[in-house]
Structures are given as structure tokens and as C-alpha cells.
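Here is the structure we will look at, set down as C-alpha cells.
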Amino acid sequence: MQNHSIVNHLFNCKYMSRYRLTAVFLFVVMFSPVRADEGMWIPLLLEQTRYRQMKELGLKLSPEDIYSINHASLKDAVVLFGGGCSGVVVSAQGLLFTNYHCGYGQVQSHSSLEHDYLTDGFWAQSAGDELPNPGLTATFLERMEDVTAEVLQRITSGMTERQRNDSIAAAVARIVKARQPAKHHRVDVKPLFGGNQYFMYVYEIFSDVRLVGAPPTAIGKFGGDTDNWIWPRHTGDFSIFRIYADKNNQPAAYSPDNVPYQPRKYAPVSIAGIREGDFTMVYGYPAATDEFITSYELDYLIRQNYPLRVALRTERLEIMERYMQADAATRIQYAAKHAGVSNAWKKWQGVIHGVQRADGVKQKIARETAFSQQIADNPQWSRDYGLLLEKMKNNVEAAALLQQASACYAESITSIELVKFAGSLLTDIPPPNQDLLKKASGFYKDFSLAVDKDIFVAMMKAYLANIPEAYHFEEMKAQLKRHKGSVEKWADEVYAKSVFRSYQALEKVLANPKSANKLIQKEPMIAIYLSGQAMLNERVYPSLRRLSQEHDSLSRVYIAAQLQADKERIFYPNANHTMRISFGQTVGYSPSDAVTYQPFTTLEGIMEKDNPDIYDYRVPQALKQAAEQKNFGQYAANGMVPVCFIASNHTSGGNSGSPVFNGNGELIGLNFDRNWEGTMSDVVYDAEQCRNIIADIRYILFIVDKVYGAQRIVGEMEVRE
Ligand code: ARG
Ligand code: ASP
């Protein structure tokens, strides 16, 4: 903490030179109690990058134990779960752990009034009880390979950006074709360092993944949106699946004849305990970070883009909450939507706070200043990069208004559920197609006309107030003119007339093919949708696309220049939804003056929060009972069950469900979140503030084994004491 304020103070000094800045950084590094390391490292390159530091912190494995294509290694236990989460295999029979919030959709899809797995939890009593999930996949990385030379071989300096992109696309297609991905395999080629490097990834995809167990939501999402992004935390954020294969242990579509998959490698579990300062390693699929971001972009994000988005979501959340508090049915209808809107809303506020607190924009300016001086000292670089930062700045400025219009549109007009629904029908299943009704019945189950109408009024007003007239769309202007400028009157008319106002109204219109055909011409929600899209396609997207391509190519050069200028430093590429490793230690932090957080929470904290009147803090009876009877088994430490812990691993969205390993490569927990003060780690990493939040494997096993008696599950795992 102390170090932090010193940095702040010095950054604020007007006359600080970049040499003094370097001195400050050295000081912080040398005296910082946290020996965390920023970075999401490529498993294949660990030895050339961070292996030595990891060993110093307590890693006992060899690089080959972590990543190898010659024999089973830890990477073979790491799974890409579905499209966006991570997971880990924990038994010789393909048992898989991921987060509860990652498997939530599946748990929900199997739930009904008779089988309310969300309220009661679900534990398959036998293999036959394990529930198939159409569409769900578990993907293993077979290998990754640097294919930069192959991808860039035909690139010449005289090429236009367009020619360059075409050449790269052709090379990527050649590579994928040459590798001839086997059935149930996929070959991806992805850019790293903004397109200065390319890696190929060969994946094996399993598509018979069954639900084995999940705690009640009151455990899996304990704390709900209230505690989301917050430390201290008490969430049992886990769910359990099993991967099935055909008789030859190969991936196969669901079949009752499939058998549990025998993985190349599964992770053993350690319940020996974790102490402060212990080494931790997160192995998973972080989705997107932007550490090379310029000061201009960062400044734009935290002063314009995020504040506008946050403000619009605040209005939307308030409307939902008003109705949710007044009516239990609406609370259930809007719970998942509210959680979805609230997740990024809360994160962005954390990012704004964190970037300001870490003086992130000044950090980036310092980097740019140092970079400019380096360029100035080298005539060749001056020629190559002299105008680069200036161009990047101009690019951000030129794009700002368009970005605002596009972001505002997405957060306001597109957030009106009926506009969005009308649009999705047009693109997916244009009327008079009868499939529309199927989709509609799912939609109306969780829809309230009153909520949406209020959102319509608030969001139209917000768009009008925030975005200049050049980006108002024709339907908006025409309707406001008709209603003498009153958004309320416009809403009264639309919500009374729209055929989308209810399932019944829509059904009736569709029953008659003639009126169904007229739907597209007459329906006000469709008119709004089409007019809005037309405006975006004419006035926003073309320029924005051009600017964003320009941005990407400038940024590729900027990153290349930094790699070249700072040869000493070992860089890591931004997260791009490929397999990465981050490492750190179990350690607390101090979010503000006089406040320090310990790195561990326990079951005692759950009992302290217990409050049947607060939805997010209701504790299931079975858990209360186990706590009262102290039925902790081997899962307790100091007489209490540990629940969550934090560490200094650099993680991002997509790392949810990632295994967290100790120095021996034993599973000690599942990553599921970050602390609010550290959510800026996607753009500015601050070792003092950034923490990842982990569900302790002992809590998970305690829930499975002691609270719900699902010994069948624990029995097949390798649990080390
Ligand atoms: N913040 C975590 C992540 O970004 C968890 C989100 C799910 N939980 C919630 N209460 N919305 O995914
Ligand atoms: N909760 C995030 C996820 O779902 C993890 C994070 O952003 O730290 O991937």
C-alpha cells in the first residue's frame, strides 16, 4: 500500500523524468511484498519466458510436466468448456469440474417444477442419471505451434493493408487444409501480438458432455449480484460434468452406448491446505485483454465509453429492480437478465475506479513518452515510427463519436427487448414462418410488457440526449414529430399496437397468412429495428470499420516497435481465447486506507451472511445443518471449512472454471472471478490490487461429499491429504 501511494505521488510530480520513473518502478519491484507477475503466458513457451520465476515461487513441475506433446502433461487435463469457459478433468472416467455460472444454462435447462435443480441442486446417483446436454462441448488442445513464418511468408513491405490481409487469410486457409483436421478436430490459426506472430492450435472436440452434479443456486451463486466481482466472497461456484466417448475412446455425438472418456491426464486434488504466500498457477482460456492499449484509447474508454454505458445500464437496472421488488413473478423472470446486465455494469465501474487509482492513463503516457524518446534516438526508427503515435491518437479521436453512437445504440435501442426480439425474428426466421411461435414462447415466458415499456421510454430519451442528431434514425424522428416530441406518447402507441405486445397477439396474427405477410410492413417494432439498422449501416459502421482496420494495423506496428525497442523485456501477448498460464501467490490486499483483506474466507462467513430475507444471502438448510453439526470430515482447516481464496494470478473473462494448481500440479481450486478493485487488469495490471478469486477445492468437496452425500463423485477422484 505504501509503495502505491509513493508511486501516485511521484507520478503527480510535474518534472519527473523518465529515469526517475524507472527508479520508482525498480523501487516498487524490489520492495513490494507481492511477488506477483503480470502476464498470461503461452504454455509452449514457458521455458523461454517465466519458468524460472515460477520455480522460484514454488513450482515443482518441469516445463514438460506442464505442456508436452510427447506424453501426457497437465495441459491434457485442461478443458475449454462450451464456448467461453474453462474446466478441468479430475478422474480417469472423464469427470470434469467447471464453474456453476458456466454450467448454469445446462442446470436450468434440466429444471422444471417437479425437478427444481436450481433450488435443490442435482446429484446423479448412477451413470444412468447423468444428463446429456445437446450443443455442449468439451474441447482439448492437442498441440499448438508457431506458424508465423508460414503465415507471413508472402507478405512484402509494399503491400496495402488489404493485400496483406488477403495474403494472410490465404495462408491460414492453406495451413488448415494441409493439416487436414480429423473428424471431431478443429485447427485454428490465431494472431498474437496484434498480428506480428501467428499460432496454430489443434483441438479435439467432445460433444457428449453430461451433467453429473450441481449445488443449489443458493450455494453456486451465493452472494448473487451483490457479491459479484467482490472480495471477500463465499460462493461455491462449481458444477460437475462428465465427458463421454465412443467405445474406442474417440469423440462422438451423444449416444446411449457412449462410455466415460478416459483422458490422457486428469488432475489429482490436494486437500492438504493452502497458506498465505503459496505458489498458485491458473491454467485456462482467458478471452481478451488489451495491455498494449494507448493512453488515448484508455482515456476514451474510461472517460467516455464506460461512463455512458454504465449510466444507461444504471437506468435499466433500476427499472428492472423496481418491478422485481414489487412482484415475485417478475423477479424470477428478470433474474438472469438482471444478472447479465449487472455483470459488465459492475465490472466497468471497477475498471474506471482501478485505472484512475493506478494512474493508468499516466502509465501509458509514460510508456509512450519513453517510446518516443527511443525512436528519436534512432534515425531508422524515426523514419519508421516517427508519426505512429500521432496517427494512433488521430484515429482514436476520429472514431470517438462513432464509437459513442454505436455503443449508445447497443446499450439503449438494442436493449429494448421487443426491438431486439423483432430484429432477431427478421434475421433468423422471418415471418410468416411458424417456427417463430416456438421461439416466441421461450421469449414471452420471461418477458414483462410493463418493464419493457419503461425501458423503451428511458432508453429512447437517453439516446436522444447523448447522441447528436446526425445519428438519430428516420423512424425515431418521424414518430417524435407525430407525437409532438413526446417519447411517452410514442411508447403508449407502440406498446398498445405492436403485435409483439403478447404471445397471444402474435399467435393471432400468424394464424392468418395474409396478416402475417403484412407484419413486416406494419409492425412498429420492426420499423424501429430496420430504421435503426439502416442508420448504423449508412452512417456509423462503414467509417467505424475503416477506422478500426486502420487502428489494427497501426497497433500491429506499435506492438512490433515495442518488442523491438525493449529487447530486455519478455512480453506476453494479449489474451485471445487460447490456452494460457498465469502464476502468482495466495495473498491479500489493501483496497483503501486502513482496510486490509485477508486472502481466505470460511464457512463461518457464510453463516454470518445468512439472511433468509435477502435473496442473495439465503443459506440452504442442508448446508446450515452440516455447519451446525460440524460435519466437516477431512475438509476442515483449523476447525472450519475454507470456502474461497484470492491470489495474484493475472486472469480475465474466460478464465472462469480454470483449474488452480499448487506447485505440485495438484488441483487446489476453481478460478471464478476477480476483485472489483482489480478488474482493470485487462488494460492496466497492478500487482498491489489485482486478485483472482478461487473456490477452494475443500469447500467444493465438502459440499459434494458431506452436505449432499454424493460420495460416488468424490470416490473416483484422486484426493491427496
Ligand atoms: N463476475 C464473474 C464473471 O465475469 C461471474 C459472473 C456470474 N455471476 C453473477 N452474479 N452474475 O463471469
Ligand atoms: N467471471 C469471469 C469469467 O466468467 C472471470 C473474470 O472475468 O475474472 O470468465
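The values are calculated or read from the model by the stated rules, or taken from the named source; none is laboratory data. A quick note: this is a predicted structure, and the numbers were derived from the prediction, not measured. Here the Cβ is made from the backbone with ideal geometry for all residues, glycine too, and neighbour counts use every protein chain on show.
A few points about this structure:
- Checking each residue in region 653-674 for being surrounded by fewer than 24 Cβ atoms within 10 Å (Cβ to Cβ) and more than 13 Å from ligand 2 (Cβ to nearest atom) picks out Asn662, Gly663, Asn664, Gly665, Glu666.
- Ala516 vs. criteria surrounded by fewer than 13 Cβ atoms within 10 Å (Cβ to Cβ), among the aliphatic types (A, V, I, L, M), at pLDDT below 95 and more than 39 Å from the chain's Cα centre (by Cα): no
- Strands (runs of 3 or more DSSP E) wholly inside region 625-721 that include at least 2 residues being within 16 Å of ligand 1 (Cβ to nearest atom): 642-647, 667-674, 692-696
- Residue count, region 560-592 (criterion: touching a residue at least 60 places away in the same chain (Cβ under 8 Å) and in a loop (DSSP other than H, G, I, E, B)): 12
- Residue within region 620-636 that is away from ligand 2 (no atom under 15 Å from the Cβ) and within 29 Å of Ser592 (Cβ to Cβ) present: no
- Look at (1) under 24 Å from Phe600 (Cβ atoms); (2) surrounded by fewer than 20 Cβ atoms within 10 Å (Cβ to Cβ) and you find that Pro215 fails only one, number (2).
- Among the residues of region 82-140, those that are assigned to a strand (DSSP E or B), more than 16 Å from ligand 1 (Cβ to nearest atom) and of a type in the set (S, T, N, Q) comprise Ser91, Thr139.
- Residue within region 230-247 that is within 13 Å of ligand 1 (Cβ to nearest atom), surrounded by fewer than 23 Cβ atoms within 10 Å (Cβ to Cβ) and closer than 30 Å to Gly678 by Cα present: yes
- With respect to being exposed (fewer than 13 other Cβ atoms within 10 Å of the Cβ) and free of Cβ contacts under 8 Å to residues at least 12 places away in the same chain, Ala182 falls outside the description.
- Selection status of Asn664, touching a residue at least 24 places away in the same chain (Cβ under 8 Å), more than 25 Å from the chain's Cα centre (by Cα) and closer than 21 Å to Tyr708 by Cβ: no
- Filtering region 153-184 to residues that are closer than 30 Å to Ala253 by Cα and touching a helix residue (DSSP H, G or I) at 6+ places or on another chain (Cβ under 7 Å) leaves Val172, Ile175.
- Failed criterion for Gln106 (all others in (1) surrounded by fewer than 18 Cβ atoms within 10 Å (Cβ to Cβ); (2) touching a residue at least 12 places away in the same chain (Cβ under 8 Å) hold): (1)
- When the test is whether a residue is more than 30 Å from Ala626 (Cβ to Cβ) and away from ligand 1 (no atom under 16 Å from the Cβ), Gly195 passes it.
- Residue in region 620-630 that is touching a residue at least 24 places away in the same chain (Cβ under 8 Å) and of a type in the set (Lys, Arg) present: no
- Check on Ser555, in contact with a helix residue (DSSP H, G or I) (Cβ under 7 Å, 6 or more places away or on another chain), crowded, with 17+ Cβ neighbours inside 10 Å and assigned to a helix (DSSP H, G or I): yes
- Qualifying residue in region 324-336 (condition: assigned to a helix (DSSP H, G or I) and within 16 Å of ligand 2 (Cβ to nearest atom)): yes
- Selection status of Leu510, over 23 Å from Lys337 (Cβ atoms), of a type in the set (A, V, I, L, M) and surrounded by 15 or more Cβ atoms within 10 Å (Cβ to Cβ): yes
- For first residues located in region 208-227 and more than 16 Å from ligand 2 (Cβ to nearest atom), partners that are outside any loop (DSSP other than H, G, I, E, B) and basic (Lys, Arg) and lie 6+ apart or on another chain with Cβ distances below 8 Å form the pairs Val209/Arg242; Arg210/Arg242; Val212/Arg242.
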